[in-house]
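First up is the structure itself, then whatever we jot down about it.
The values are calculated or read from the model by the stated rules, or taken from the named source; none is laboratory data. All values reported here derive from a predicted model rather than from experimental measurement. With ideal geometry, Cβ positions are generated from the backbone for all residues, glycine too; neighbour counts draw on all protein chains shown. Side chains included, ligands, DNA and RNA excluded: accessible areas come from the protein's heavy atoms. Shrake-Rupley method; radii C 1.70, N 1.55, O 1.52, S 1.80 Å.
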Amino acid sequence: MIKKLTTFLDYSLFAELALVMFAVIFIAVVIRTLVTRRETTSQQARIVLGDQPEKHV
Amino acid sequence: MSELKLTPQQTDFPESKNEHLESFSYDDQIVRMFSLATLVWGLVATVVGLIVAILLVKPGWTFMQYVSFGRLRPLHTNAAIFAFGGNAIFAAVYYSTQRLCKARMWSDTLSQLHFWGWQLIIVCAAVTLPLGITQSKEYAELEWPIDILIALVWVGFFGVNFIMTLVKRRERHMYVALWFYIATIVTVAVLHVFNNLVVPSSLFKSVPIYAGVQDAMMQWWYGHNAVAFFLTTPFLGLMYYFLPKAAERPVFSYKLSIIHFWSLVFIYIWAGPHHLHYTALASWASSLGMVFSLMLWMPSWGGMINGLLTLRGAWHKVAEDPVLKFFVVGVTFYGMSTFEGPLLSVKSVNMLSHYTDWTIAHVHAGALGWNGFMTFGMLYWLLPRIFQTKLWSTKLATWHFWLGTLGILLYIIPIYVAGLTQGLMWRAFTDEGNLAYPDFVETVNAIIPMWWTRVGGGALYIAGILLMAVNYFKTWQSRPGTYDVPVIEAAPLSRDYVDPPVPQSRLKNFPVTDFANKLDVFEQAHWHRVWERLPIRFTVWVTIAVVVASAFELVPTFLIRSNVPTIKSVKPYTPLELAGRDIYVAEGCYNCHSQMIRPLFAETERYGEYSKPGESVFNHPFQWGSRRIGPDLAREGGKQSHYWHFEHFREPTSMTPGSVMPAYKHLLTDELNFQTIPERVRVASLLGAPYERELTESEDMAMEQAKQIVKDLVEQGGPKSGTIKDPSGKEIALEKTKVVALIAYLQRIGVDYFKTETETKTTDAANEVNAEAVAPGPVVEKDQDGKQP
């Protein structure tokens, strides 16, 4: 019965569902990112420049 | 080894105030090893590329079967992607991860196992591919024992070592480059495992569990994401580390890097079907691939913008520093390729470009420009640091840059012209409505001058790499007698670390509802900053994104029967045809010939009825191909006589003057091992082919069919004796030769679709196969009305 059901399903809906899913996630990620404080992301960006100590003993 | 004791770097995170410091040093020896491997395999990959480019313009230079275009081209692609690109990625990952984590790699043993395991895989590829041991799936040609080794090395050595290093890190926040590395490791593992699910028939031969449309979907889900997660994400990680280091300034927008990372990881997975526009793939899948490929332009350019704008205020450095030159041009080619890719994904553009050299130009703009130049920039930045000396010659590095750039342009420009020429000639009609260029070979000969120019471009690019090799060696020569091993001191991550308290609502002193206060707390994204620094949780989210996207695309392809309408007259291959098909696969014929006629007027006029999905249900693996250096073969069956094929394999230009196909004389004298046929039949049966008599009499059936072919061949003008002399002078009975099996296969391609019901029943009766039988898997069966679809 499940086999019959899957045969008759219209899978073209998957493409539209995928698009909606992506849109929702993308908007969530954008909102999350934009509300992050600038100081925080600046600190995170500086990690790559601070990964080696500068002073020698 | 001398040790330098270095003070901890002040950071803005709480752990830096912890008094307890741990001492460690970075493993740069592994970086030196991967860097050298990158250089060596880069030279090998490009030289093999040059050889195959020359073989196209001088096919007569194919002096033995092991160096034919069909066998060497996969060696070139695998060497470029996995040997050159792979070792470059590992050099980048091992250098940057340790420093971003403030931790040595978790296990030196795993690092070494990873290095030597990966080089072993490359050597295995270099040996097996010219021998014709191949699965014939693009960028996944390697046979099953090597696939298992790849999974072990990638996950067991590399993946474990990397994740554990993240777990043991001393820097709480995971810098964005690490996210790209996580995405790479997870996704490549998933892609590799699922695309390479096979049933072995011997130590050096296997059969994919997928067939036809499903195999095509799997293959290009893998193939495009091999580009995405092997050639893009790790190189973006490389960019996010080495470009700011070389420019001495932070990335332009960290927020942009977050957005473009998640968009890229999610969208890329869906783009695979753009390799299958207008083929026998379901239309909804094709459209899905196109839409997501178009959307992919945005996050890709997010990366490009971030890279280029990191250099704002530092452009004067580009003029002086070859490292920055390579990075700027590399990122620019990334932008160009990621604009062109979505453009090529548009169905109407793809109608022109598919199977042409436009795809090749696109690939090489990305591979030579983005991957190559980012690698060279990274190596030139690394050399003085890993060898603790000065770069031997900045001038030589600059010369490399200019030679390489010129080489790329001299490669891609003529090949763009070639691609457009091919596409336009294939679809050109006269005023009377006939094909303007009915002979395929005319369209090949028209682009040979462009292929010659490409040879020049490739040679220039290699010349640049040779300059780098000289610079590399001379820099290495000036290294100190003993390397300094700096001892770093840094505080471990506090076990008692407490996340900052949940922030208060910024609206609490305002007359707003409780919901508004809760929303404001949520907006401050405290919840996300918590899991963003947790490597395991992060890895899980990346895996979910990749797997959900993949499942959405692949599951329907397998579930829905109407995606692949069965055709009653399509039957499995005979035992001899199966053996012939395996020869087609081994010789790499798919590298030049497609077997997929699109429903476009120019194609149906040239090749015949367009290909239906149900015609390839027994094709394990699918042979739709992606290039047309030679004509499409989907309706080849019955077009030419056996004798024509015989002579064509002996010397292609004897039948098609101007052909660039090399001679396959060895097929006329190499004997087919008939004893391997029963195993091929058994595996095909296991995967759904409704064999009966074949299961017990396959050798006899194969010999019977071979003798009939030879009889016809002799009548048509072949050797009267029915034998042929091999190079040592020994007489070989033609029915025992590989060429006869291959002819059997070629004469079968595309003919079943046109068989009448009477012919089908006659064939069934002759083979004692019950036409009403339904077998598991992709088999022929009656449709619901008892009619042929």
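List of remarks:
- Excluding ligands, DNA and RNA and using a 1.4 Å probe, chains A and B jointly bury around 4300 Å² of accessible surface, summed across both partners.
- Volume per residue that the Cα convex hull of the stretch B:575-767 spans, once the total is divided by residue count, Å³: 132 Å³
- Mean Cα-pair separation over length for the stretch B:114-162, i.e. relative contact order, pairs under 8 Å, 6 or more apart, %: 43 percent
- Per-residue SASA entry for B:Lys707, accessible area with 1.4 Å probe, Å² rounded to 10: 110 Å²
- Couplings 3J(HN,Hα) for the stretch B:81-94, derived from phi with the Karplus relation 6.51 cos²θ - 1.76 cosθ + 1.60 (θ = phi - 60°), are 7, 8, 7, 6, x, x, 5, 5, 4, 5, 4, 5, 5, 5 Hz, where x marks Gly and Pro.
- Pairs of alpha carbons in the stretch B:571-623 whose separation is greater than 16 Å (percent): 51 percent
- Percent of C-alpha pairs per 10 Å bin in the stretch B:288-389, short distances first: 15, 37, 28, 14, 5, 0.
- Amide hydrogen proximity for B:Glu22: with H placed 1.01 Å from N in the peptide plane, the residues at 5 or more positions away or on another chain lying under 5 Å are B:Ala490, B:Ala491.
- Efficiency of FRET between B:Trp116 and B:Glu699 - r from beta-carbon atoms, R0 41 angstrom, step 0.05: 0.45
- Accessible area of the stretch B:575-767 divided out per residue, in Å², using a probe of 1.4 angstrom: 39 Å²
- Solvent-accessible area of B:Trp154 with every protein chain in place, 1.4 Å probe, in Å² to the nearest 10: 10 Å²
- Cα-based helix-to-principal-axis angle, B:283-295 vs chain B, degrees rounded to 10: 30 degrees
- Cα pair distances exceeding 48 angstrom across chain B, given as percent: 25 percent
- Ratio Rg/Rh [Cα only; Rh per Kirkwood] for the stretch B:151-243: 1.09
- Three-way shape call for the stretch B:26-477 based on the alpha-carbon gyration tensor, with the a/c threshold at 1.5: rounded
- Exposure of B:Asp726 as accessible area (Å², to 10), given a probe of 1.4 Å and all protein chains: 30 Å²
- In a fully extended conformation the segment linking B:Val555 and B:Arg650 would gain 29.7 nm over its present Cα-Cα distance, using 0.36 nm per residue.
- Amide H partners (placed H, <5 Å) of B:Phe429, local residues excluded: B:Ala436
- Integer Hz, Karplus 6.51/-1.76/1.60 couplings in order for the stretch B:213-225, x for Gly and Pro: 4, 4, 5, 4, 5, 4, 4, 8, 4, 5, x, 6, 7
- Normalised contact order of chain B, rounded percent, pairs of Cα under 8 Å and 6 or more residues apart: 16 percent
- Nearest 10 degrees, 0 to 90: helix B:694-715 Cα axis against chain B principal axis: 60 degrees
- Our estimate of slack between B:Val470 and B:Glu605, defined as 0.36 nm per intervening residue step minus the Cα-Cα distance, is 43.2 nm.
- Restricted to Cα atoms, the protein assembly as shown shows a radius of gyration and a Dmax of 29.1, 103 angstrom.
- Structure-based [θ]222 nm, chain B - -39500 (n - 2.57) summed over DSSP H runs of at least 4, per residue, nearest 500: -18500 deg cm²/dmol
- For chain B, the fraction of 1.4 Å probe accessible surface lying on carbon and sulfur atoms is 64 percent.
- Rolling a 1.4 Å probe across the protein heavy atoms gives the stretch B:64-106 an accessible surface of 19 Å² per residue.
- Amide H contacts of B:Ser201: B:Ser206, B:Val207, each under 5 Å away and 5 or more positions distant or on a separate chain (H built 1.01 Å from N in the peptide plane; Pro and chain starts excluded).
- Listed residue pairs exceeding 23 Å between alpha carbons, taken from B:Lys707/B:Lys738; B:Lys245/B:Lys395; B:Lys58/B:Lys730: B:Lys58/B:Lys730
- Degrees, to the nearest 10: B:514-523 long Cα axis against longest axis of chain B: 80 degrees
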